[in-house]
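One structure is given below, encoded as structure tokens.
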Amino acid sequence: MKTVIGFVGSPRNEGNTAALVRQVLNGAAEAGAETQIYFLNDLTIRGCQACDQCKATGVCAQRDDMAALLNAVHAADAVVFGTPIYMWEMTAQMKAVIDRLRPLFTPDFGSRLAPGKQAAWVITQGRPEADAYAGYLEMLRGMTGMFGFRAVNEVLVAPDLRAAGEVASQAGVMAQAAAMGKRLLQI
């Protein structure tokens with residue numbers, strides 16, 4: 001059975017990002033995947049210390065919750081990264097995880113990931129224009145590819161969200177999220 005995991009970078013476990021990541025995972029489960037969700041705000045993940053141990057060994061020197069997330073990434077067939085846009089970029093919770101994915105690189109910046117591992121991004125934002133952060137979203141796609149993921153072609157953006165959880169009433173974007181979860185297993 002395939003496994004899809006989701007990282008929620010929002011501090012709100014019942015917010016819009018969490019609702020969309022859950023919906024992507026629901027779509028994956030409907031397609032036959034086993035799923036697991038991780039709420040990054042509830043974990044202890046320190047910033048990268050630039051010690052470079054992981055460069056040689058593929059294992060981070062720090063002993064915190066990131067070790068379990070790295071194991072989960074290696075075991076999963078697909079990873080869903082979900083974050084609201086705060087101050088024109090991902091949240092601090094998600095950024096800490098991204099920085100700590102350094103063990104996925106070999107010393108020459110190749111990837112230690114198994115070939116064919118999928119990734120998707122779910123982005124929530126208050127700005128009403130879905131393409132308000134288009135340049136940043138392209139960077140996320142590139143970064144995901146650099147880690148060795150075969151990224152899903154689109155990044156799901158849910159714009160114009162103001163209240164926590166309001167995305168659950170937006171049938172169109174919720175359907176897009178479920179469809180994304182199904183596609184993760186078809187690629």
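The values are calculated or read from the model by the stated rules, or taken from the named source; none is laboratory data. This structure is a prediction, so every number in the text was calculated from the model and none was measured. Using ideal geometry, Cβ is built from the backbone for each residue, glycine included, and neighbour counts are taken over all protein chains shown.
A few remarks follow.
- Of the residues making up segment 146-174, those that are in a helix (DSSP H, G or I) and closer than 17 Å to ILE123 by Cβ are GLU166, VAL167, ALA168, GLY172, VAL173, MET174.
- Looking only at residues of segment 92-114 that are within 15 Å of TYR38 (Cα to Cα) and in contact with a Ser or Thr (Cβ under 9 Å, 6 or more places away or on another chain), we find that the one that is surrounded by the fewest Cβ atoms within 10 Å (Cβ to Cβ) is LYS95.
- Selection from segment 1-24 of residues that are among the aliphatic types (A, V, I, L, M), within 17 Å of ASP42 (Cβ to Cβ) and in contact with a helix residue (DSSP H, G or I) (Cβ under 9 Å, 6 or more places away or on another chain): ILE5, VAL8, ALA19, VAL21
- Residue within segment 104-119 that is on the phi < 0 side of the Ramachandran plot, free of Cβ contacts under 8 Å to residues at least 12 places away in the same chain and among the charged types (D, E, K, R) present: yes
- In segment 136-170, the residue that is modelled with the lowest pLDDT out of those that are closer than 18 Å to LEU25 by Cβ and small (Gly, Ala, Ser) is ALA151.
- From the options LEU184, LEU137, residue that is in contact (Cβ under 8 Å) with a residue 12 or more places away in the chain, surrounded by 15 or more Cβ atoms within 10 Å (Cβ to Cβ) and under 21 Å from LEU113 (Cα atoms): LEU184
- Any hit, segment 124-142, residues being in contact with a helix residue (DSSP H, G or I) (Cβ under 7 Å, 6 or more places away or on another chain) and farther than 30 Å from CYS51 by Cα: yes
- Within segment 115-137, at least one residue is out of contact with any Ser or Thr (no Cβ under 6 Å at 6 or more places or on another chain), in a helix (DSSP H, G or I) and not small (Gly, Ala, Ser).
- Unmet requirement for LEU161, which otherwise passes all of (1) within 17 Å of GLY9 (Cβ to Cβ); (2) of a type in the set (A, V, I, L, M); (3) touching a Gly at 6+ places or on another chain (Cβ under 9 Å); (4) exposed (fewer than 13 other Cβ atoms within 10 Å of the Cβ): (4)
- Within segment 97-127, being within 19 Å of SER10 (Cα to Cα) and more than 12 Å from the chain's Cα centre (by Cα) holds for ASP99, ARG100, THR124, GLN125, GLY126, ARG127.
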